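Okay, structure first, notes after.
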Amino acid sequence: MIFTCGCQGLLEKSLVCFPEKAHHGRPEDYGLQARDLYFETQDRVKLHGWLFIRNPQAPFLLWCHGNAGNISHRLDNIARLQSVGINVFIFDYRGYGKSEGSLSEQEFYRDAEAAWKTLLREGPVRPSQVVLFGRSLGCAMAADLAAKVTAAGLILESGFPHLGAMAKVHYPFFLSEHLLSHRFDALSRLKRIKMPVLVIHGSRDTIVPPALGRRLFEAAAGPREWHEIKGADHNDTYVVGGERYCRKLRETAVRWTEKQFAPGNSDVIR
(Lines give C-alpha, C1' and ligand atoms only; values in the text may rest on other atoms or scores of the structure.)
Protein backbone atom coordinates (compact mmCIF):
# COMPACT_ATOMS: atom_id res chain seq x y z
CA MET A 1 0.00 0.00 0.00
CA ILE A 2 2.80 2.44 0.86
CA PHE A 3 4.54 1.52 -2.40
CA THR A 4 1.35 2.15 -4.37
CA CYS A 5 0.72 5.53 -2.78
CA GLY A 6 4.35 6.51 -3.26
CA CYS A 7 4.21 5.60 -6.93
CA GLN A 8 0.98 7.51 -7.38
CA GLY A 9 2.48 10.64 -5.85
CA LEU A 10 5.61 10.35 -7.96
CA LEU A 11 3.68 9.86 -11.19
CA GLU A 12 1.29 12.74 -10.67
CA LYS A 13 3.99 15.13 -9.48
CA SER A 14 6.06 14.30 -12.55
CA LEU A 15 3.21 14.46 -15.07
CA VAL A 16 0.71 17.06 -13.97
CA CYS A 17 1.12 20.60 -12.63
CA PHE A 18 4.09 22.95 -12.24
CA PRO A 19 2.48 26.34 -11.56
CA GLU A 20 4.37 29.58 -11.01
CA LYS A 21 2.84 32.55 -9.23
CA ALA A 22 5.22 35.31 -10.35
CA HIS A 23 4.84 36.78 -13.80
CA HIS A 24 7.92 36.83 -16.02
CA GLY A 25 6.93 39.72 -18.24
CA ARG A 26 4.05 41.98 -19.14
CA PRO A 27 2.21 42.41 -22.46
CA GLU A 28 3.82 45.81 -23.05
CA ASP A 29 7.24 44.13 -22.98
CA TYR A 30 6.21 42.51 -26.27
CA GLY A 31 4.53 45.58 -27.74
CA LEU A 32 1.08 44.27 -26.85
CA GLN A 33 -1.98 45.86 -25.30
CA ALA A 34 -4.11 43.75 -23.03
CA ARG A 35 -6.98 44.13 -20.61
CA ASP A 36 -6.48 42.59 -17.19
CA LEU A 37 -9.61 40.62 -16.43
CA TYR A 38 -10.46 39.27 -12.98
CA PHE A 39 -13.47 36.99 -12.82
CA GLU A 40 -15.06 34.37 -10.57
CA THR A 41 -15.80 30.72 -11.08
CA GLN A 42 -19.03 29.02 -10.11
CA ASP A 43 -17.48 28.09 -6.76
CA ARG A 44 -16.37 31.72 -6.23
CA VAL A 45 -12.64 31.41 -6.88
CA LYS A 46 -11.13 34.55 -8.40
CA LEU A 47 -9.16 34.00 -11.61
CA HIS A 48 -7.04 36.29 -13.75
CA GLY A 49 -6.53 36.54 -17.48
CA TRP A 50 -5.41 38.83 -20.30
CA LEU A 51 -7.63 39.82 -23.21
CA PHE A 52 -5.79 40.82 -26.39
CA ILE A 53 -7.95 42.42 -29.09
CA ARG A 54 -6.40 43.31 -32.44
CA ASN A 55 -9.62 43.41 -34.48
CA PRO A 56 -12.98 42.99 -32.70
CA GLN A 57 -14.47 41.37 -35.81
CA ALA A 58 -11.71 38.76 -36.14
CA PRO A 59 -11.67 35.30 -34.49
CA PHE A 60 -10.87 34.95 -30.80
CA LEU A 61 -8.83 32.13 -29.33
CA LEU A 62 -9.87 31.06 -25.83
CA TRP A 63 -6.53 29.68 -24.68
CA CYS A 64 -6.18 26.83 -22.17
CA HIS A 65 -2.46 26.64 -21.42
CA GLY A 66 -0.23 23.73 -20.44
CA ASN A 67 0.90 22.47 -17.06
CA ALA A 68 3.87 24.74 -16.30
CA GLY A 69 4.47 28.42 -15.58
CA ASN A 70 1.60 30.86 -16.10
CA ILE A 71 0.12 33.08 -18.81
CA SER A 72 3.19 35.35 -18.89
CA HIS A 73 5.24 32.50 -20.36
CA ARG A 74 3.00 32.54 -23.47
CA LEU A 75 3.52 36.21 -24.38
CA ASP A 76 6.00 35.59 -27.21
CA ASN A 77 3.57 33.13 -28.79
CA ILE A 78 0.66 35.54 -28.35
CA ALA A 79 2.65 38.38 -29.94
CA ARG A 80 3.15 36.28 -33.07
CA LEU A 81 -0.54 35.43 -33.27
CA GLN A 82 -1.52 39.05 -32.76
CA SER A 83 0.75 40.00 -35.66
CA VAL A 84 -1.49 38.03 -38.04
CA GLY A 85 -4.70 39.44 -36.56
CA ILE A 86 -5.82 36.78 -34.06
CA ASN A 87 -7.48 37.97 -30.86
CA VAL A 88 -6.61 36.01 -27.71
CA PHE A 89 -8.10 35.54 -24.27
CA ILE A 90 -5.69 33.58 -22.08
CA PHE A 91 -6.34 32.85 -18.44
CA ASP A 92 -4.61 31.11 -15.56
CA TYR A 93 -6.18 28.13 -13.85
CA ARG A 94 -6.56 28.33 -10.10
CA GLY A 95 -3.18 28.16 -8.38
CA TYR A 96 -1.35 29.69 -11.36
CA GLY A 97 -0.17 33.29 -11.68
CA LYS A 98 -2.57 35.79 -10.17
CA SER A 99 -5.41 33.29 -9.96
CA GLU A 100 -6.47 32.22 -6.50
CA GLY A 101 -7.30 28.73 -5.26
CA SER A 102 -5.58 25.37 -5.21
CA LEU A 103 -4.92 22.85 -7.95
CA SER A 104 -7.66 20.36 -8.86
CA GLU A 105 -8.57 18.63 -12.12
CA GLN A 106 -12.34 18.98 -11.77
CA GLU A 107 -12.04 22.62 -10.78
CA PHE A 108 -9.80 23.34 -13.79
CA TYR A 109 -12.81 22.44 -15.96
CA ARG A 110 -14.87 24.97 -14.01
CA ASP A 111 -12.16 27.54 -14.63
CA ALA A 112 -12.48 27.06 -18.39
CA GLU A 113 -16.26 27.42 -18.15
CA ALA A 114 -15.85 30.70 -16.25
CA ALA A 115 -13.35 31.95 -18.85
CA TRP A 116 -15.83 31.17 -21.66
CA LYS A 117 -18.60 33.16 -19.97
CA THR A 118 -16.20 36.00 -19.24
CA LEU A 119 -15.02 36.27 -22.84
CA LEU A 120 -18.60 36.39 -24.17
CA ARG A 121 -19.48 39.07 -21.63
CA GLU A 122 -16.35 41.22 -21.61
CA GLY A 123 -15.33 40.93 -25.28
CA PRO A 124 -18.13 41.25 -26.04
CA VAL A 125 -17.87 38.26 -28.37
CA ARG A 126 -20.35 36.01 -30.15
CA PRO A 127 -19.92 32.25 -29.58
CA SER A 128 -19.46 31.84 -33.34
CA GLN A 129 -16.34 34.05 -33.13
CA VAL A 130 -14.59 31.86 -30.57
CA VAL A 131 -12.16 29.04 -31.29
CA LEU A 132 -11.23 26.92 -28.26
CA PHE A 133 -7.49 26.33 -28.07
CA GLY A 134 -5.71 23.87 -25.80
CA ARG A 135 -2.04 23.13 -25.57
CA SER A 136 -0.58 20.01 -23.92
CA LEU A 137 -2.42 19.50 -20.60
CA GLY A 138 -4.77 22.30 -21.63
CA CYS A 139 -6.18 20.07 -24.37
CA ALA A 140 -8.23 18.28 -21.71
CA MET A 141 -9.74 21.56 -20.52
CA ALA A 142 -10.44 22.78 -24.05
CA ALA A 143 -12.01 19.45 -25.05
CA ASP A 144 -14.17 19.38 -21.93
CA LEU A 145 -15.40 22.90 -22.70
CA ALA A 146 -16.04 21.95 -26.34
CA ALA A 147 -18.36 19.20 -25.12
CA LYS A 148 -20.42 21.78 -23.20
CA VAL A 149 -20.66 24.86 -25.43
CA THR A 150 -21.15 25.74 -29.09
CA ALA A 151 -18.00 27.42 -30.35
CA ALA A 152 -16.65 27.78 -33.90
CA GLY A 153 -14.11 24.98 -33.49
CA LEU A 154 -11.42 23.35 -31.39
CA ILE A 155 -7.63 23.40 -31.82
CA LEU A 156 -5.55 20.89 -29.85
CA GLU A 157 -1.79 21.34 -29.89
CA SER A 158 0.83 18.96 -28.48
CA GLY A 159 -1.92 17.07 -26.69
CA PHE A 160 -2.35 13.55 -25.36
CA PRO A 161 -5.41 11.28 -25.02
CA HIS A 162 -5.38 11.11 -21.22
CA LEU A 163 -2.87 11.03 -18.38
CA GLY A 164 -2.74 7.25 -18.37
CA ALA A 165 -1.32 7.27 -21.90
CA MET A 166 1.44 9.58 -20.71
CA ALA A 167 2.16 7.34 -17.73
CA LYS A 168 2.66 4.40 -20.08
CA VAL A 169 5.20 6.40 -22.09
CA HIS A 170 7.23 7.82 -19.21
CA TYR A 171 6.66 5.14 -16.56
CA PRO A 172 6.12 1.94 -18.56
CA PHE A 173 5.73 -0.42 -15.65
CA PHE A 174 2.72 -2.65 -15.22
CA LEU A 175 -0.55 -0.94 -14.25
CA SER A 176 0.99 2.54 -13.96
CA GLU A 177 -2.19 4.04 -15.42
CA HIS A 178 -4.25 2.66 -12.55
CA LEU A 179 -2.15 4.47 -9.96
CA LEU A 180 -3.37 7.86 -11.18
CA SER A 181 -6.12 9.75 -9.40
CA HIS A 182 -6.34 12.36 -12.19
CA ARG A 183 -7.40 11.58 -15.74
CA PHE A 184 -7.30 14.75 -17.87
CA ASP A 185 -9.15 12.72 -20.48
CA ALA A 186 -9.47 14.58 -23.78
CA LEU A 187 -10.02 11.41 -25.80
CA SER A 188 -13.44 10.42 -24.49
CA ARG A 189 -14.72 13.98 -24.87
CA LEU A 190 -13.57 14.21 -28.47
CA LYS A 191 -15.83 11.31 -29.35
CA ARG A 192 -18.83 13.48 -28.39
CA ILE A 193 -17.73 16.73 -30.05
CA LYS A 194 -19.28 17.61 -33.41
CA MET A 195 -17.49 20.91 -34.05
CA PRO A 196 -14.46 20.95 -36.39
CA VAL A 197 -11.13 19.98 -34.84
CA LEU A 198 -7.56 20.80 -35.82
CA VAL A 199 -4.83 18.73 -34.15
CA ILE A 200 -1.30 20.17 -34.26
CA HIS A 201 1.81 18.28 -33.20
CA GLY A 202 5.56 18.54 -33.54
CA SER A 203 7.19 15.65 -35.40
CA ARG A 204 9.99 15.47 -32.80
CA ASP A 205 7.95 15.92 -29.64
CA THR A 206 10.01 14.28 -26.89
CA ILE A 207 7.37 14.83 -24.17
CA VAL A 208 4.20 13.72 -25.96
CA PRO A 209 5.02 11.37 -28.85
CA PRO A 210 3.22 12.29 -32.10
CA ALA A 211 1.41 8.95 -31.99
CA LEU A 212 -0.53 10.20 -28.96
CA GLY A 213 -1.56 13.31 -30.85
CA ARG A 214 -2.72 11.10 -33.72
CA ARG A 215 -5.00 9.29 -31.30
CA LEU A 216 -6.76 12.59 -30.57
CA PHE A 217 -7.12 13.26 -34.29
CA GLU A 218 -8.56 9.81 -34.95
CA ALA A 219 -11.06 10.14 -32.08
CA ALA A 220 -12.58 13.40 -33.35
CA ALA A 221 -16.18 12.75 -34.35
CA GLY A 222 -16.68 15.86 -36.48
CA PRO A 223 -14.66 17.41 -39.33
CA ARG A 224 -10.99 17.01 -38.48
CA GLU A 225 -7.53 17.94 -39.71
CA TRP A 226 -4.03 16.84 -38.75
CA HIS A 227 -1.17 19.35 -39.01
CA GLU A 228 2.34 18.13 -38.19
CA ILE A 229 5.18 20.60 -37.76
CA LYS A 230 8.36 19.04 -39.03
CA GLY A 231 11.27 19.24 -36.60
CA ALA A 232 9.26 20.75 -33.73
CA ASP A 233 9.51 19.50 -30.15
CA HIS A 234 6.88 19.91 -27.45
CA ASN A 235 7.28 23.59 -26.54
CA ASP A 236 8.58 25.15 -29.75
CA THR A 237 5.86 24.41 -32.29
CA TYR A 238 5.14 28.09 -32.86
CA VAL A 239 8.86 28.90 -33.17
CA VAL A 240 9.72 26.10 -35.59
CA GLY A 241 6.46 26.56 -37.45
CA GLY A 242 7.07 30.31 -37.69
CA GLU A 243 4.82 32.45 -39.86
CA ARG A 244 3.34 29.39 -41.52
CA TYR A 245 2.13 28.16 -38.14
CA CYS A 246 0.50 31.50 -37.31
CA ARG A 247 -1.20 31.75 -40.66
CA LYS A 248 -2.44 28.18 -40.39
CA LEU A 249 -4.19 29.08 -37.13
CA ARG A 250 -5.57 32.28 -38.59
CA GLU A 251 -6.84 30.72 -41.81
CA THR A 252 -8.45 27.86 -39.90
CA ALA A 253 -10.08 30.17 -37.37
CA VAL A 254 -11.39 32.50 -40.09
CA ARG A 255 -12.83 29.59 -42.05
CA TRP A 256 -14.59 28.20 -38.99
CA THR A 257 -15.94 31.52 -37.73
CA GLU A 258 -17.52 32.29 -41.09
CA LYS A 259 -20.00 29.45 -40.48
CA GLN A 260 -23.57 30.45 -39.72
CA PHE A 261 -24.93 29.23 -36.41
CA ALA A 262 -28.60 28.58 -35.86
CA PRO A 263 -30.19 31.02 -33.37
CA GLY A 264 -30.48 29.84 -29.81
CA ASN A 265 -28.75 29.84 -26.44
CA SER A 266 -25.39 28.75 -27.84
CA ASP A 267 -23.51 30.49 -25.07
CA VAL A 268 -25.17 28.39 -22.36
CA ILE A 269 -23.08 25.65 -20.82
CA ARG A 270 -25.00 22.42 -21.10
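Computing the accessible area with a 1.4 Å probe over protein heavy atoms, can you report the carbon and sulfur percentage for the chain?
Carbon with sulfur: 51 percent of the solvent-accessible area.
I need to check one value: relative contact order of region 9-114, counting alpha carbon pairs closer than 8 Å and at least 6 residues apart, in percent.
34 percent
By how many degrees, 0 to 90 and rounded to 10, does the Cα axis of helix 210-219 deviate from the longest principal axis of the chain?
Approximately 70 degrees, to the nearest 10.
Which length gain, in nm to one decimal place, applies between Gln106 and Ile53 when the Cα-Cα distance is subtracted from 0.36 nm times their residue separation?
Full-extension gain reported as 16.1 nm.
Tell me the accessible surface of Tyr171 in square angstrom (1.4 angstrom probe, heavy atoms of protein chains only), to the nearest ten.
We get 50 Å² for Tyr171.
Can you give the calculated 222 nm mean residue ellipticity of the chain, where each DSSP H run of n ≥ 4 adds -39,500 (n - 2.57) and the sum is split over every residue, rounded to the nearest 500 deg cm²/dmol?
When only DSSP H runs of four or more count, the value is -10500 deg cm²/dmol.
So what's the net charge close to Gly159: Lys and Arg +1, Asp and Glu -1, counting the other residues with Cβ under 15 Å from its Cβ?
Neighbour charge sum, excluding Gly159 itself: -1.
Using a 1.4 Å probe and counting only protein heavy atoms, arrange Tyr30, Tyr245, Tyr238 so the residue with the most accessible area comes first.
Tyr30, Tyr238, Tyr245
What angle do you read, to the nearest 10 degrees and between 0 and 90, between the alpha-carbon axis of helix 2-15 and the longest principal axis of the chain?
Compared with the principal axis, the helix lies near 30 degrees.
Nearest 10 degrees, 0 to 90: what angle lies between the long axis of helix 237-257 and the longest principal axis of the chain (Cα atoms)?
60 degrees
Can you tell which of Asp36, Asp76, Asp144 shows the greatest fluctuation in a Gaussian network model of the chain with Cα springs below 10 Å?
Asp36
From largest accessible area down, sort Ser188, Ser136; use a 1.4 Å probe on the protein chains.
Order by accessible area, largest first: Ser188, Ser136.
Please label the shape of region 79-150 as rounded, prolate or oblate, based on the square roots a ≥ b ≥ c of the eigenvalues of the alpha-carbon gyration tensor (a/c under 1.5 means rounded; beyond that, a/b larger than b/c means prolate, else oblate).
Judged from the Cα gyration tensor, region 79-150 comes out prolate (a/c at least 1.5, a/b above b/c).
Using only C-alpha atoms and all pairs of different ones, pull out the Kirkwood radius for region 5-144 in Å with one decimal.
15.2 Å
Using protein chains only and a probe of 1.4 angstrom, how many square angstrom of Phe184 are accessible, to the nearest 10?
Per-residue accessible area (Phe184): approximately 0 Å².
How would you classify region 189-258 from its alpha-carbon gyration tensor, with a ≥ b ≥ c the square roots of the eigenvalues: rounded for a/c under 1.5, else prolate if a/b is greater than b/c, otherwise oblate?
Oblate.
Which value, in Å² and to the nearest 10, is the accessible area of Trp256 when all protein chains are kept and the probe is 1.4 Å?
20 Å²
Which value, in Å², gives the accessible area per residue of region 77-127 when a 1.4 Å probe is used on the protein heavy atoms?
32 Å²
For region 97-233, rounded, prolate or oblate, judged on the Cα gyration tensor with a ≥ b ≥ c (square roots of eigenvalues), a/c < 1.5 rounded, else prolate if a/b > b/c?
oblate
The values are calculated or read from the model by the stated rules, or taken from the named source; none is laboratory data. Quantities reported herein were computed from a predicted structural model and do not represent experimental measurements. Here Cβ is always computed from backbone atoms with ideal geometry, including for glycine, and neighbour counts include all displayed protein chains. In case anyone asks, the SASA skips ligands and DNA or RNA and just uses the protein heavy atoms, side chains included. Shrake-Rupley method; radii C 1.70, N 1.55, O 1.52, S 1.80 Å.
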